[in-house]
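To start, the structure under review is shown below, and the notes come after it.
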Amino acid sequence: MSERFVRNNAADPMKPIPLPKQVPAKRALAKLPGRKIFYADTGGAGEAVVFLHAAATGDPKVWAYQQPVFAKAGYRVVCYARRGYYKSDKVLKGDKHSAADDLNGLLDALSIDKAHIVSSAAGGSIAADFALSYPERTLSLAITSNYAGIRKGNILKMAESCRVKQWNEMPRWYREFSCSYIAANPKGLRAWDKLADDATKHQGVQQAHNNFITPQVLSKMKVPTLLVTGDADSSTPPSIMRMVAKCIRRSELVIVAECGHSIFWEHPKIFNDIVLDFIRRHRKGKR
């Protein structure tokens, strides 16, 4: 495990960053056996990078700060909505397909053999489950603002202790962003909140996991793993992410200064630089 601290060295670190022009992408429904998944795919011959959204979002457009940057870096960018979100199918009672299985099916539908998996918040639980279930398809794993889907033990207890009983009564945006961002970038906050409103259906029931993830299970992770959190993240503070990092043998931990839970939106340039550096070091043939 390695750890480093990253600070935004811009003259005005909280200056709003305009959304970049997007690279053309196919937006469609992938037909998997018994269910449909909505996705956006830039295509191309580069290695695939698949983005997994948080629980508060779902529209592939939430990765607007990442899509053109990663595409122009030579990668095939795939963003998709898990079932129960945006235009993907709902999850019905008795459904036996996990979210990790859905991602595996999506890769099949798009003829992608292996991919770099990049996630935010609740997407990190799915990403960890996928990497444990399908390590042969995972070139690298980036989990940001999530304790890797751990469901038992001290790490889970510590994470739960961070959430006061009024947690779900707080505005969604207040849980997601640092007070620095909330104060400095109300326009960006409204743009994120609009995407979240349009995408969070939460129809049906919660999807199952393939693995009951514990610290002991994480110790069996076979793929290189990047963990990132903000120092103002009230859900997954650095103290918890350090404990997660110690469970994963091939892990790197990056802590971002003056940042909350949605790093990819709050500090997109830092997020992009960190993740691109990591996946470049774990391309095919370099593991």
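The values are calculated or read from the model by the stated rules, or taken from the named source; none is laboratory data. The structure displayed is predicted, hence computed values, not measured ones. When we count neighbours, we look across all protein chains shown, and the Cβ atoms used for this are built from the backbone with ideal geometry, even at glycine. All accessible areas refer to the heavy atoms of the entire protein, side chains included, with ligands and DNA or RNA removed. Shrake-Rupley method; radii C 1.70, N 1.55, O 1.52, S 1.80 Å.
For GLN166, are the conditions met, namely being modelled with pLDDT under 90 and over 21 Å from the mean Cα position of the chain (by Cα)? Break it down into steps so the answer makes sense when it comes.
On the way: modelled with pLDDT under 90: yes; over 21 Å from the mean Cα position of the chain (by Cα): yes.
Yes, satisfied.
So HIS282 ticks every box in (1) within 24 Å of LEU103 (Cβ to Cβ); (2) in a helix (DSSP H, G or I); (3) open to solvent by less than 40 Å² (accessible area, probe 1.4 Å) but one. Which box is left unticked? Every condition holds for HIS282 apart from (2). If you go through the stretch 11-21 one residue at a time, do you hit one that is open to solvent by 70 Å² or more (accessible area, probe 1.4 Å) and modelled with pLDDT of 95 or more? Checked the stretch 11-21: at least one residue is open to solvent by 70 Å² or more (accessible area, probe 1.4 Å) and modelled with pLDDT of 95 or more.
Restricting SER262, SER234 to residues that are in contact (Cβ under 8 Å) with a residue 60 or more places away in the chain and buried (at least 21 other Cβ atoms within 10 Å of the Cβ) narrows the list to SER262.
Restrict the check to the stretch 54-64 and report whether at least one residue is open to solvent by 10 Å² or more (accessible area, probe 1.4 Å) and among the aromatic types (Phe, Trp, Tyr). Scanning the stretch 54-64 turns up no residue that is open to solvent by 10 Å² or more (accessible area, probe 1.4 Å) and among the aromatic types (Phe, Trp, Tyr).
Matching residues to (1) in contact (Cβ under 8 Å) with a residue 40 or more places away in the chain; (2) small (Gly, Ala, Ser); (3) farther than 24 Å from PHE271 by Cβ:
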residue	(1), (2), (3)
ASP12	no, no, no
PRO24	no, no, no
PRO60	no, no, no
CYS79	yes, no, no
ARG83	yes, no, yes
LYS87	yes, no, yes
ALA115	yes, yes, no
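If the condition is being open to solvent by 10 Å² or more (accessible area, probe 1.4 Å), of a type in the set (A, V, I, L, M, F, W, C), outside any helix (DSSP H, G or I) and within 24 Å of GLU47 (Cα to Cα), then the stretch 69-106 contributes only ALA73.
Among the residues making up the stretch 238-259, a single one is at pLDDT 95 or above, under 14 Å from LEU141 (Cα atoms) and open to solvent by 10 Å² or more (accessible area, probe 1.4 Å): GLU252.
Close Cβ contacts (under 9 Å, 6 or more residues apart or on different chains) running from residues in the stretch 122-145 that are basic (Lys, Arg) to residues that are at pLDDT 95 or above and open to solvent by 30 Å² or more (accessible area, probe 1.4 Å) comprise ARG137/ASP113; ARG137/LYS114.
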